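Worksheet for the structure shown next.
The values are calculated or read from the model by the stated rules, or taken from the named source; none is laboratory data. Bear in mind that the values here come from a model prediction, so they are computed numbers and not experimental data. Neighbour counts are summed over all protein chains in view; Cβ atoms, including those assigned to glycine, are modelled from backbone coordinates with ideal geometry. Each accessible area value is taken on the protein alone, full model and side chains, heavy atoms only, with ligands, DNA and RNA left out. Shrake-Rupley method; radii C 1.70, N 1.55, O 1.52, S 1.80 Å.
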Amino acid sequence: MRYLDVVCRALLASVFIVAVANKVSGRAAWLGFVQSLRELRQVPEAAVRSAAVAVVTVEILVVALLVVPVRAVGAVGFALAVGLLGAFTVVIGRALARGSRAPCRCFGVSSTPLGVPHVVRNLMLICVAGLGLTGLSVDGSIDAPYAVLAGLTGMILGVLTTAAEDIVALIKPLR
């Protein structure tokens, strides 16, 4: 694996780990996530709970595939991440087009309504997955200390990505 591959794997894995953890951290968190899907009005009412289970299952699968240090497995993980993030982006775009301003429950409880920043974040994460796929095509390997550094870099960037709304809220001037 190359540095780029490891950074991208760690970044995406940490984003999806935070997403899953905040959706399944307790009954209230789970019900809040299910309710947020309901408020998006993108899934028929009868399928909302199944859609919620499917989202979390695929997020867990992405993480599992990205942490396996095998090229072919990583490629499937990156491709699945692109598909899932693409689906999220389409759902958010459709919800915004319909006038839905439901809060984003991507990474847990939030009062920030869906908006263009969520679409941009997802598009950036899709680019990260694309870069990861590109990194897989480079022959060679990196030494263990550099792999650890690459992994830590990716994890830090991933956690910062999941906290971006909160960071912006801290530095945004009060109205």
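In this structure, ILE156 does not satisfy being surrounded by fewer than 13 Cβ atoms within 10 Å (Cβ to Cβ), more than 24 Å from GLN35 (Cβ to Cβ) and either at pLDDT 80 or above or hydrophobic (A, V, I, L, M, F, W, C) (or both). Residues considered: VAL128, VAL138. Of these, the only one that is in contact (Cβ under 8 Å) with a residue 24 or more places away in the chain, within 16 Å of LEU4 (Cβ to Cβ) and assigned to a loop (DSSP other than H, G, I, E, B) is VAL138.
When SER100 is tested against (1) of a type in the set (Ser, Thr, Tyr); (2) assigned to a helix (DSSP H, G or I); (3) out of contact with any strand residue (DSSP E or B) (no Cβ under 8 Å at 6 or more places or on another chain), only condition (2) is not met. Here GLY140 meets each of (1) at pLDDT 85 or above; (2) open to solvent by 40 Å² or more (accessible area, probe 1.4 Å) with one exception, condition (1).
Conditions (1) at pLDDT below 95; (2) buried (at least 20 other Cβ atoms within 10 Å of the Cβ), marked per residue:
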residue	(1), (2)
ARG71	yes, no
VAL82	no, yes
GLY86	no, no
PRO103	yes, no
PRO113	yes, no
VAL116	yes, no
VAL119	yes, no
ALA129	no, yes
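Considering region 46-69, and only residues there that are part of a helix (DSSP H, G or I) and out of contact with any helix residue (DSSP H, G or I) (no Cβ under 7 Å at 6 or more places or on another chain), the residue that is surrounded by the fewest Cβ atoms within 10 Å (Cβ to Cβ) turns out to be ALA46. Here ALA75 fulfils each of the conditions (1) within 20 Å of LEU160 (Cβ to Cβ); (2) surrounded by fewer than 20 Cβ atoms within 10 Å (Cβ to Cβ); (3) hydrophobic (A, V, I, L, M, F, W, C) apart from (1).
Just one of (1) surrounded by fewer than 17 Cβ atoms within 10 Å (Cβ to Cβ); (2) at pLDDT below 95; (3) assigned to a helix (DSSP H, G or I) fails for ALA19. It is (1). Is at least one residue of region 24-33 within 30 Å of LEU136 (Cβ to Cβ) and within 17 Å of the chain's Cα centre (by Cα)? Yes; the residues of region 24-33 include at least one that is within 30 Å of LEU136 (Cβ to Cβ) and within 17 Å of the chain's Cα centre (by Cα).
In region 89-102, the residues that are closer than 15 Å to ARG121 by Cα reach residues that are in a helix (DSSP H, G or I) and at pLDDT below 90 with C-beta atoms within less than 7 angstrom, at least six apart or across chains, in these pairs: VAL91/LEU40; ILE92/HIS118. Restricting to region 22-43, and then to whatever is among the small types (Gly, Ala, Ser) and in a helix (DSSP H, G or I), can you tell me which residue is most open to solvent (accessible area, probe 1.4 Å)? If we take residues in region 22-43 being among the small types (Gly, Ala, Ser) and in a helix (DSSP H, G or I), then ALA28 is most open to solvent (accessible area, probe 1.4 Å).
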